[in-house]
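Q: Just passing along the structure, written as structure tokens.
The values are calculated or read from the model by the stated rules, or taken from the named source; none is laboratory data. The structure presented is a predicted model; accordingly, all values stated were derived computationally and were not measured. Using ideal geometry, Cβ is built from the backbone for each residue, glycine included, and neighbour counts are taken over all protein chains shown. Remember, those area values only see protein heavy atoms, side chains included, never the ligands or the DNA or RNA. Shrake-Rupley method; radii C 1.70, N 1.55, O 1.52, S 1.80 Å.
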Amino acid sequence: MMGNLKILDCTLRDGGYYNGWCFSDSLVERYLSVMGQAGIDIVEIGFRSRKVDDFYGPYAFSSDQWLSSLPIPEGLTIGVMCNAKELLETDAPKKVVHNLFAPAEESPVSLVRIAAHFNEVEACAPVIRELSDLGYQVGLNLMQATGRGRRELEAKAAFATTLPLDVLYFADSFGNMEPEDIDAMVDALRSQWSGALGTHTHDNMGNALANTMRAYHSGCTWLDSTVLGMGRGAGNLRTETLLLELDRRELRTGGDIDVLLDLVVSEFGGLQQDHGWGPNIFYHLSALYNVHPTYVQEMLTSDRYSHQDVIAALKRLGNLDARSFCPQILNQASTAHVPENEGALDVTGYLDGRAVLILGSGGQVREHRAALEQFIVRERPYVISTNWNPWISADLVDAWSTCTPERLLLEKHLYEAHTGTLIAPRSAIPAEARSSLQHWSHLDYGIQVDSRRFAVTGRTAIVPSALTLLYAAAYANAAGATAILLAGIDGHAHGDPRHQELEGALRLYSETPTHRPLVAITLTSLSTVRQSTVYASSDALMDGSGQVIRSPGKLVEH
């Protein structure tokens, strides 16, 4: 496999997030010379971007004219990256390609990589074909691959086989993969894809080198790295560390490592002091919570946030599935005070005689979607979706619920495109989201946060944490629900602080007089919730008080 090994250094492309892709001519000249001497196969020199919303330096655009002026060593392959979002934002992606790229024979660029989120992959097909027709090597990077199910990975890999791709990459975008996760990832992709595989690792939890070496031994032959790990957030696998490890294991031949080490010390050490990339506890937490590292980067480079503020904001973002960066959401999440209000309505009796099904957005909903939809049609519970659920048909949902402004901002485009009933405290609806809800019916059930207790009144949920599950469960109790079922409330790993926070809150819930027990009908890691199954018969699906669902929307004694 050593003969197929490709080392791709993307220092200027990934490091540009810190300096707006403005690198001095002298640094770039020395960097390119060192890459050639050190035996690097490919330099991804920057983005080929269309963005003009701010001032960006030349390596955000990496134009052929600019690259032609650089002293590129003989034998060093030059690549650029394009964000799929930019290529797909018009109805004519092929035209965008031709605006950005000349035929490969006329360009210093040989490789183009497309960075795509999972929901963008299929739409990239015409772009990839057009680039291939122009003579470029083409790579597809699957971003935010962490936590994807095997079937989803297999489906993307199978689709990749229909495209003229030279390499398929997966990116550990949050830096939270473990070596065993790498094995599972490679195995799933390899079940469908027989071409070259590559990996791009981040170092949030200190696993970049271990994960990359595991990927190599599992069959990945294209390995990404950057000098001194320069890159967004905690940074990437360090090129110098990778080469030292490969040399130690006698997995590569040739290349002068000493010139690279001198570059690290004399040039990039100062850059790191100026910009502050690299692993720390905050990036570790962002990886643990699946939060985009730009949130940390923005908070650490601002004087507004104390270290306590950063930790508190990351905990809140971790409950929002904040995989993409949004400045408005950062502003809301970093606000120490959770907006509170007493509800405008007394909801007592709103759900008398009804069972409630609270839907989360965990992977178990997707896994058991058909059974859940059959259950809803058959039993007719009152269905509350906590935040936006992409799996269950909106026609089967009675109401959506949220209790934080951040979540509404994160999903306001979805509310704009639909209509329905929203259960939310009015304090959770920021001004920026109100226009998105103009066609919605709003049920203002209040919220108050008290870390020491859980209590319910007809107008207000008093909850220990501003989590939508707790808020929705409080509403169901206040409205008189006769049973509360959960689906897609998967929970987190037992060592995850979010898991401990939710378990503690649910213990307070279980101590509340006359509360309705919570029964999960899809798999959950929460020990404070009774486990049952959506596949059970109605007579067998009992709640903790001895009641079962037997007929649509009704509960009778078992």
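Q: Inspect the stretch 384-399 for any residue being open to solvent by 40 Å² or more (accessible area, probe 1.4 Å), closer than 25 Å to Leu502 by Cα and in a helix (DSSP H, G or I) and give the result as yes or no.
A: No - not one qualifying residue is present in the stretch 384-399.
Q: Could you figure out which of (1) more than 20 Å from Glu44 (Cα to Cα); (2) in contact with a helix residue (DSSP H, G or I) (Cβ under 7 Å, 6 or more places away or on another chain) isn't true of Val138?
A: With respect to (1) more than 20 Å from Glu44 (Cα to Cα); (2) in contact with a helix residue (DSSP H, G or I) (Cβ under 7 Å, 6 or more places away or on another chain), Val138 is out only on (1).
Q: Applying the selection to the stretch 126-168, what residues are open to solvent by less than 10 Å² (accessible area, probe 1.4 Å), within 27 Å of Asn99 (Cβ to Cβ) and assigned to a helix (DSSP H, G or I)?
A: Val127, Ile128, Leu131, Ala160
Q: Could you say whether any residue in the stretch 37-45 is of a type outside the set (A, V, I, L, M, F, W, C) and at pLDDT below 95?
A: Within the stretch 37-45, not a single residue is of a type outside the set (A, V, I, L, M, F, W, C) and at pLDDT below 95.
Q: Right, here's the next one. Report yes if Leu422 is touching a helix residue (DSSP H, G or I) at 6+ places or on another chain (Cβ under 7 Å), within 20 Å of Leu359 (Cα to Cα) and assigned to a strand (DSSP E or B), otherwise no.
A: yes
Q: To continue, here is another question. The conditions are (1) touching a Pro at 6+ places or on another chain (Cβ under 7 Å); (2) not in a strand (DSSP E or B), and Leu485 fails exactly one of them. Which is it?
A: (2)
Q: State whether one or more residues within the stretch 68-83 are modelled with pLDDT of 95 or more, open to solvent by less than 10 Å² (accessible area, probe 1.4 Å) and outside any strand (DSSP E or B).
A: no
Q: Next up: Would you mind stating whether Arg507 is in contact (Cβ under 8 Å) with a residue 12 or more places away in the chain, assigned to a helix (DSSP H, G or I), surrounded by fewer than 21 Cβ atoms within 10 Å (Cβ to Cβ) and of a type in the set (Lys, Arg)?
A: yes
Q: Further, regarding this structure: Can you name the residue in the stretch 423-445 that is among the small types (Gly, Ala, Ser) and more than 22 Å from Glu501 (Cβ to Cβ) and is also surrounded by the fewest Cβ atoms within 10 Å (Cβ to Cβ) among such residues?
A: Going through the stretch 423-445, the residues among the small types (Gly, Ala, Ser) turn out to be 424, 427-428, 431, 433, 435-436, 441.
The next check asks that each one be more than 22 Å from Glu501 (Cβ to Cβ); those that pass are 431, 433, 435-436, 441.
Numbers: Ala431: 7, Ala433: 19, Ser435: 10, Ser436: 19, Ser441: 11.
Here the residue is Ala431.
Q: Exactly one condition in (1) touching a residue at least 40 places away in the same chain (Cβ under 8 Å); (2) open to solvent by 10 Å² or more (accessible area, probe 1.4 Å) is not met by Gly195; state its number.
A: It fails just one condition, (1).
Q: With the condition kept exactly as written, say whether any residue in the stretch 192-211 is more than 29 Å from Met299 (Cα to Cα), of a type outside the set (A, V, I, L, M) and touching a helix residue (DSSP H, G or I) at 6+ places or on another chain (Cβ under 6 Å).
A: Yes, the stretch 192-211 has at least one match.
This table checks each residue for (1) at pLDDT below 95; (2) buried (at least 23 other Cβ atoms within 10 Å of the Cβ); (3) at positive phi.
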residue	(1), (2), (3)
Gly458	no, no, no
Leu485	no, yes, no
His494	yes, no, no
Glu503	yes, no, no
Pro513	yes, no, no
Arg530	yes, no, no
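Q: Another question about this same structure. When the stretch 262-287 is examined, which residues are found to be open to solvent by less than 60 Å² (accessible area, probe 1.4 Å) and more than 30 Å from His492 (Cα to Cα)?
A: Those that are open to solvent by less than 60 Å² (accessible area, probe 1.4 Å) and more than 30 Å from His492 (Cα to Cα): Leu263, Val264, Phe268, Gly269, Gly270, Leu271, Gln272, His275, Gly276.
Q: What number of residues within the stretch 198-207 satisfy the criterion of being assigned to a loop (DSSP other than H, G, I, E, B) and buried (at least 17 other Cβ atoms within 10 Å of the Cβ)?
A: Count: 4.
Q: Also: Working only within the stretch 26-43, note down all residues that are within 14 Å of Leu70 (Cβ to Cβ) and part of a strand (DSSP E or B).
A: Val43
Q: Consider only pairs whose beta carbons are under 7 Å apart and that are at least six residues apart or on different chains; among these, list those whose first residue lies in the stretch 257-272 and is under 11 Å from Leu244 (Cβ atoms) and touching a residue at least 40 places away in the same chain (Cβ under 8 Å) and whose second residue is open to solvent by 60 Å² or more (accessible area, probe 1.4 Å) and hydrophobic (A, V, I, L, M, F, W, C).
A: The qualifying pairs are Ile257/Leu244.
Q: Would you pick out the residues in the stretch 403-422 that are surrounded by fewer than 18 Cβ atoms within 10 Å (Cβ to Cβ) and among the polar types (S, T, N, Q)?
A: Across the stretch 403-422, the qualifying residues are Thr419, Thr421.
Q: Is there any pair linking a residue in the stretch 37-62 that is within 10 Å of Met81 (Cα to Cα) to one that is of a type in the set (Lys, Arg) and surrounded by fewer than 21 Cβ atoms within 10 Å (Cβ to Cβ), with Cβ under 9 Å and at least six apart or on different chains, and which?
A: Ala60/Lys51; Phe61/Arg50; Phe61/Lys51
Q: Could you run through the stretch 173-192 and say how many residues are part of a loop (DSSP other than H, G, I, E, B) and open to solvent by less than 30 Å² (accessible area, probe 1.4 Å)?
A: Result for the stretch 173-192: 5.
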